Amino acid sequence: MISAVSCTKLEEEPLGSRFVAKTGVVTVAELGSVYSVLNGFSDQSNVYALQEHTTDEMMGPTRGTDWGDFGTWRKLHQHTWDPFHNQINGSWDQLNTGIYRATQVIGKSTDNQIKAEASFLRAFFMFQVVDLFGQQPFRELTDSPETNPKVFTRAQATEMIIKDLEFAEATLGVGTPGKANKAAAQALLAKVYLNKAVYTAPSVGGPFTFAKADMDKAIDYTNRITGKSLTSAYFNNFAPENSTLSSELIFVIPNEEGAAIGNVQNRFRMTLHYNQTPGGWNGFTTLADFYKSFEPNDQRIGGSFPGLTDKIGLKSGFLVGQQFGPNNTPLKDRSGNPLVFTENANLLFSTENQGIRVIKYIPKPNATNTNIIEQAGNDYVFLRFADVLLMKAEAILRGGTNPQGQSALAIVNGVRSTRGATPLATLTEVSLLAERGRELYWEGWRRNDQIRFGRFNEPVDQRSTKSDPTRTLFPIPQRAVDTNPNLKQNPGY
């Protein structure tokens, strides 16, 4: 549908990392074709899967004949993927398509606003490539289609990202969260500087040395973000009306009821049981240890949500125990037994009721409370203010200087207080990583965080041994290596 309405004049031929393009006058539709690549992030596969299934907060158990999918989800959680993995191939194509389209717009446009939006989007996609793959193929607008794309190292690509974002920050206005804007550029710049030690490390997997100058830069960019504050009711950040209920949103896919382009439904259907309202695909779960890291009064753990639970029985957050439907009716599984979600699940074989389900985005019941509105207006969130605050706290903890004077502990406790959690007495890297997990779970940042804190390779439930440090990077898809000799396979593959 997006391809049909974009009417893009860009003609592309993705061949792993090789693209052919025809030049012409930039149109609004061409810029729209760059934005449209973001919609793929709201799917359960590809980039989202690589960033979440590989961590301690998500897994996809096989349930009989359901969710086997040739082991695609299991291999991610168990860190046993290879250069032929379908999600790795899909992520590479998706991200490089976005970079290619943005580069075409930047190279052809004479409008600074369009160039700045495209520069932000190129940086956003390239950040993911650098984070996931560690090298970046790149073709200039003037390059011959017969020339193999050059390849930037991780450090070189990081510098290009920074330049794109600096131009975007200097050019863009306050704008709205649904488009590239100044605060989004500032938030992503803070994230780049926070991760720069990872992206410039001499060896894959660390150890990482966090330079004070980089931490100072991260703090500076977080301090530049104004007009945002923590939302008092946590799940309003993900509610059908979050564009007005949330005071945190910085960069999102904007969705309007009846015309939703970001697939927010995916986030609850991929985890809910078939017999719940709305009906789900009975797929992904969180891990019991992650669930147990929350205090009972922490509102981020979820519970009854007004206008949802009282109408169709569904709660927000983590779903454990007996599940209910409309009119508070206890639900049953497909065999007629009580639908009781257990805390534990087995990655290789689970029954239909095993595993803790997660509802981050809130469905909107229909007028008769018998189902939901299929295309509700929940904006799909990429960047929000709580993340900015926790990045600032981390940069201070790692030795950066905050001109505004707050301590890292005070910032984190400010977040915890708003969420109903008790204050921490001290702050360590371990406790800060745990806090980022509790605040940002299932939002696509956990792998990035775990790598930076040196915890990505540690054993978790259903992965009993420590994985090799080379697993902090994914392999370049083999077909991309085969078509571009400038690409070199990552260590360990």
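The values are calculated or read from the model by the stated rules, or taken from the named source; none is laboratory data. Here the structure is a predicted model, which is why all the values come from computation and not from measurement. Every residue, glycine among them, receives a Cβ derived from its backbone with ideal geometry; neighbour counts consider all protein chains shown. Quick note on the areas: whole protein, heavy atoms, side chains included, nothing else; ligands and nucleic acids left out. Shrake-Rupley method; radii C 1.70, N 1.55, O 1.52, S 1.80 Å.
What to note about this one:
- Relative contact order for the stretch 337-468, counting Cα pairs under 8 Å that sit 6 or more residues apart, in percent: 15 percent
- Folded to 0 to 90 degrees: helix 154-171 orientation relative to the chain principal axis, Cα: 90 degrees
- In the structure shown, the pairs 179/228; 179/315; 115/182; 191/228 are assessed against 20 Å; a Cα-Cα span above that value is assigned to 179/315.
- Neighbour net charge for residue 352 - beta-carbon separation under 13 angstrom, K R +1, D E -1: +2
- With Cα atoms, 0 to 90° folded angle of helix 212-223 axis to the chain main axis: 70 degrees
- Once backbone amide H atoms are built at 1.01 Å from N, residue 324 has 331 as its partners under 5 Å, excluding neighbours fewer than 5 places away on the same chain.
- Amide H within-cut-off set for residue 356, under 5 Å, with H built and near neighbours excluded: 286
- Sites residue 428 and residue 462, calculated FRET efficiency, Cβ-Cβ separation with R0 30 Å, nearest 0.05: 0.65
- Whole-number percent relative contact order across the stretch 73-129, with pairs defined as alpha carbons under 8 Å at least 6 apart: 35 percent
- Peptides 378-389, 407-418, 260-271, ordered by how many other C-beta atoms sit within 10 Å of their residues on average, highest first, read 378-389, 260-271, 407-418.
- Packing, as the average of other Cβ atoms within 10 Å across residues, places the peptides 50-59, 167-176 in the order 50-59, 167-176, highest first.
- Here the label points at residue 155 and residue 80, each 7 Å from Cα along the C-beta direction, are separated by 3.7 nm in the simple model.
- Accessible area per residue for the stretch 12-157 is 32 Å², calculated with a 1.4 Å probe on protein heavy atoms, without ligands, DNA or RNA.
- In order along the stretch 51-65, the Karplus-derived 3J(HN,Hα) couplings, from 6.51 cos²θ - 1.76 cosθ + 1.60 at θ = phi - 60°, round to 7, 10, 5, 7, 10, 8, 10, 8, 8, x, x, 7, 10, x, 8 Hz, and Gly and Pro are given as x.
- Neighbours of residue 472 by Cβ distance under 14 Å: Lys/Arg scored +1, Asp/Glu scored -1, total +3.
- Nearest-ten-degree value, helix 86-108 long axis tilted from longest Cα axis of the chain: 50 degrees
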